[in-house]
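First up is the structure itself, then whatever we jot down about it.
Rule-based calculations on the coordinates, nothing more; no lab input. Since this is a predicted model, take the numbers as computed values, not measurements. Every residue, glycine as well, gets a Cβ built from its backbone with ideal geometry; the counts of neighbours run over all protein chains shown.
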Amino acid sequence: MTGRPAARLSGAAYAVGAYVLWGFLPLYFVLLEPTGPWEVVAWRILLSLAFYLMLIPIVGGGARLRAVLASRRLVAWTGVAGLLIFVNWTVFVLAALTGHVIEMSLGYFINPIVTVLLGVFVLRERLRRLQWTAVGLAGLATLVIVVGYGAVPWLAFAVAFSFGFYSLVKRHIGPAVDVTSGLVMESLWLAPVAIAQLVVVAMTTGLTIVSAGTGHGVLLALAGVVTAAPLMLFAAGARRVPLTVLGIAQFVTPTMQLVIGVWVLDEPMPPERWAGFAIVWVALIVFTVDSVMARRRVLTPTVSLTRQE
């Protein structure tokens, strides 16, 4: 019994560490200027692939990776996952380098709501009342932002839906693909795209990894570790803590991004945006309360049976 609380505590620490690192990512990408988004994404793909390939023998994942490669279905699904995470990464970097970090944070705030909607329309899941309330509030928040700000938050939608569909694909694949093998396969699918991007950048503006100085080159070379480290921490945390803990902890990332966008990068935050975000936060509170209550209802019979025994 003593090991379980310790494992949950360490798992929560791993998960929070992952979300904190993701929260700081916009600052890292801003530091990479004058490197453009296409070069950043390309190096992120190739360098993270190199990191994962070095990790495979360390974690003993060779047999699991070969098993995935032997299945055409799993190979195809990892390709779909790779495409979705490519969209997510590209939008993320574009937002960070074009002064739209606040809008990107909105995308990650509404991502849990998007995931719920995908469950309804794709998996035919049924929502509880409080979940529908949260969805309605998220829709109202979006409407407030669109009307007040005068623009549709396309970057936020792109971030939320690309990661939502990515999570859906990962759920569909399930335990058949372990974390490291999945990341290797997704990066392998994207490697030709990344190489093509680097060729185009080299022929047009030139590669900043060699032209912007040694310090900048080293900073850009860290893109693989910066990409892989939070994913590894998240995977370690997800195995040790309940989904409700992960669901609550995930709001660390967009909160940090919002703070960075407003008070560090000095992006505009007019009253209508604050109003929209306030409604989103209410929606997330409703969503989180419902998740906690639902989990307690599931666990209560188990606890009662254990006591009777």
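To the nearest 20 debye, what charge dipole does the chain have about its Cα centre, counting +1 at the Cβ of each Lys and Arg and -1 at the Cβ of each Asp and Glu? Before the final figure, lay out the partial values.
On the way: 20 positive and 11 negative charges, 304 e Å.
Around 1460 debye, computed over the chain.
Run the helix sum for the chain: -39,500 (n - 2.57) per DSSP H stretch of 4+ residues, divided by residue count, reported at 222 nm to the nearest 500 deg cm²/dmol. Roughly -28000 deg cm²/dmol at 222 nm, from the helical runs in the chain.
The HN-Hα couplings worked out from phi for the range 36-43 by the Karplus form 6.51 cos²θ - 1.76 cosθ + 1.60 (θ = phi - 60°) are x, x, 5, 5, 4, 5, 4, 5 Hz, whole numbers, x standing for Gly and Pro. Computed with the Debye formula from one identical point scatterer per Cα of the range 161-230, without solvent, the log10 of I(q)/I(0) at q = 0.13 Å⁻¹ comes to -0.56.
With just the Cα atoms defining each centre, how far is the range 30-70 from the range 160-233? Give it in Å. Between the Cα centres of the range 30-70 and the range 160-233 lies a distance of 6 Å. On full extension, the segment bounded by residue 8 and residue 281 gains 95.6 nm, given 0.36 nm per residue less the C-alpha separation.
How much FRET efficiency would the formula 1/(1 + (r/R0)^6) give for residue 149 and residue 203, where r is the Cβ-Cβ distance and R0 is 35 Å, rounded to 0.05?
0.40
Work out the FRET efficiency for residue 54 and residue 122 from their Cβ-Cβ distance, taking R0 = 35 Å, and round it to the nearest 0.05. So, using R0 = 35 Å, E works out to roughly 0.50.
The mean of 1/r over all distinct Cα pairs in the chain, once inverted, gives the Kirkwood hydrodynamic radius of 20.8 Å. For the range 1-95, a simple Cβ point-charge model (Lys and Arg +1, Asp and Glu -1, everything else neutral) yields a dipole of about 580 debye relative to the Cα centre. What the phi angles of the range 272-283 give under the Karplus curve with 6.51, -1.76 and 1.60, with θ = phi - 60°, is a coupling list of 5, 5, 4, 4, x, 5, 4, 5, 4, 5, 4, 4 Hz, glycine and proline written as x.
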